[in-house]
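Please read the structure below before turning to the comments.
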Amino acid sequence: MPPVIDPEKCTGCGTCADICNSGLFTFDRKKDATPQVTFPDECWHCDSCVLDCPAGAIRLRLPICYSLMYVEADTLHPKHKENC
């Protein structure tokens, strides 16, 4: 699932297009006020566009299978073997 850019927050700086390793974004300042997600299926979900956006205008939608991998470490408890 591709990143979502909030056009209300986006300042049109193009940072997301510059730093994306996958080349997901295209941005032509003459045509567009905000970058466009051109290749949504190529997203690696690395979160770099979200972290580097100075305006906080990008939200990353993770597929459910990826979301299941993110677990707070302090919620994990070791299992204890019970004596039979």
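Descriptive notes on the structure:
- Extension gain for D47 to D74 (0.36 nm times residue separation, less C-alpha to C-alpha distance): 7.5 nm.
- Taking 0.36 nm per residue of separation and subtracting the current Cα-Cα distance, fully stretching the chain between T26 and A55 would add 8.6 nm.
Read-outs throughout are calculated quantities, based only on the coordinates presented, and are distinct from any laboratory measurement. Everything numeric here is computed off the predicted structure, so don't read it as measured data.
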